[in-house]
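The values are calculated or read from the model by the stated rules, or taken from the named source; none is laboratory data. This is a predicted model, so every value here is computed, not measured. Here the Cβ positions follow ideal geometry from the backbone for every residue, glycine too, while neighbour counts run over all protein chains shown.
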Amino acid sequence: MPLEIKLKNLATPQTTLLQDLHLYVPDGVIHTVMGASGSGKSSLLGAICGTLPESFLFEGEIFLHGTRIDQRPLGQRHVGILFQEDLLFAHMTVAENLLFAVPPGPRLVRQACVLQGLQDLEMTHFANTDPATLSGGQRSRVTLMRALLAQPQALLLDEPFSKLDTALRARLRHFVFEQVKKRHIPVLLVTHDLSDIADPAHLSHLIPPTRPV
């Protein structure tokens, strides 16, 4: 289910962020987008998943599996996103957080999805754990699995490793890349760190339009 972005113009009410950008992300590929702070990286992700503020201007088209999605409501785009913050629900256990993401269906099928997710995380014995007691790396992994259990057709990663120390960052990066490739979905990763690049052949640098001095 390839993800394709044909962007003519992306702007705030005051500033043009991006112009004439074309990205094509095949299934199973992690395409990295880099750019300076303020270059429009997070705004680009917002345009794709449907969280761009109404005051912003987006001119272009976004396709997922050949279907145009940029005119659809957020809940109908089938695009998952992972932020820097883990955003786990504090009033739910680890298993309940995962179950929240599983699409509606028979109870036993949904529970089996959660159990498989816990096994993939190697955190089966943390099922009834309060997320607040987990380490930063564990919370990040649970957050990723929750996003994947929602069965997105594409996944956006908004600098999800940036707040972790070097060793934990490397382990989580490996886990994330392994899990998304296993599901064979297109992934767009925004980062400022060269070590986050999954494949140099799939890399874009955002260059904002030249502005008058």
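Count, please, the residues in segment 10-42 that happen to be touching a Pro at 6+ places or on another chain (Cβ under 9 Å) and of a type in the set (S, T, N, Q).
6
Find all pairs meeting these conditions: Cβ atoms under 6 angstrom apart; at least six residues apart or on different chains; first residue within segment 7-27 and without any contact (Cβ under 8 Å) to a residue 60 or more places away in the chain; second residue charged (D, E, K, R) and in a strand (DSSP E or B).
Pairs found: LYS8/GLU59; ASN9/GLU59; HIS22/LYS6; TYR24/GLU4.
For segment 80-101, give me each residue that is among the aliphatic types (A, V, I, L, M) and at pLDDT 95 or above.
Within segment 80-101, MET92, VAL94, ALA95, LEU98, LEU99 meet the criteria.
Against the definition (surrounded by fewer than 17 Cβ atoms within 10 Å (Cβ to Cβ), part of a loop (DSSP other than H, G, I, E, B) and in contact (Cβ under 8 Å) with a residue 24 or more places away in the chain), how does PRO104 come out, yes or no?
Criteria not met by PRO104.
Across segment 75-100, which residue is surrounded by the most Cβ atoms within 10 Å (Cβ to Cβ) among those that are among the aromatic types (Phe, Trp, Tyr) and assigned to a loop (DSSP other than H, G, I, E, B)?
The extreme case among them is PHE83.
Would you pick out the residues in segment 107-123 that are crowded, with 18+ Cβ neighbours inside 10 Å and part of a loop (DSSP other than H, G, I, E, B)?
MET123
Please list, ordered by first then second residue, the pairs with beta carbon atoms under 9 Å, 6 or more apart or interchain, first in segment 57-78 and without any contact (Cβ under 8 Å) to a residue 24 or more places away in the chain and of a type outside the set (A, V, I, L, M, F, W, C), second part of a strand (DSSP E or B) and loosely packed, with under 14 Cβ neighbours inside 10 Å.
As it stands, the answer is none, since no pair meets every condition given.
Which one is surrounded by the fewest Cβ atoms within 10 Å (Cβ to Cβ), of the residues in segment 179-196 that are among the charged types (D, E, K, R) and touching a helix residue (DSSP H, G or I) at 6+ places or on another chain (Cβ under 9 Å)?
LYS182
Against the condition more than 24 Å from GLN153 (Cβ to Cβ) and in contact (Cβ under 8 Å) with a residue 24 or more places away in the chain, how does ASN97 come out, does it pass? Write out each step before concluding.
Numbers: more than 24 Å from GLN153 (Cβ to Cβ): no; in contact (Cβ under 8 Å) with a residue 24 or more places away in the chain: yes.
Here the answer is no, as ASN97 does not meet what is asked.
For segment 43-74, name all the residues that are surrounded by 12 or more Cβ atoms within 10 Å (Cβ to Cβ), among the hydroxyl-bearing types (Ser, Thr, Tyr) and farther than 26 Å from ARG169 by Cα.
Those that are surrounded by 12 or more Cβ atoms within 10 Å (Cβ to Cβ), among the hydroxyl-bearing types (Ser, Thr, Tyr) and farther than 26 Å from ARG169 by Cα: THR51, THR67.
Could you check segment 132-209 for strands (runs of 3 or more DSSP E) lying wholly inside it with 1 or more residues that are of a type in the set (Val, Ile, Thr) and out of contact with any His (no Cβ under 8 Å at 6 or more places or on another chain)?
187-191
Just the residues that are more than 17 Å from LEU52 (Cα to Cα) and β-branched (Val, Ile, Thr), please, taken from segment 64-111.
Passing the criteria: THR67, THR93, VAL94, VAL102, VAL109.
State all residues of segment 13-30 that are buried (at least 20 other Cβ atoms within 10 Å of the Cβ) and closer than 24 Å to ALA201 by Cα; if no residue qualifies, say none.
LEU18, VAL25, VAL29, ILE30
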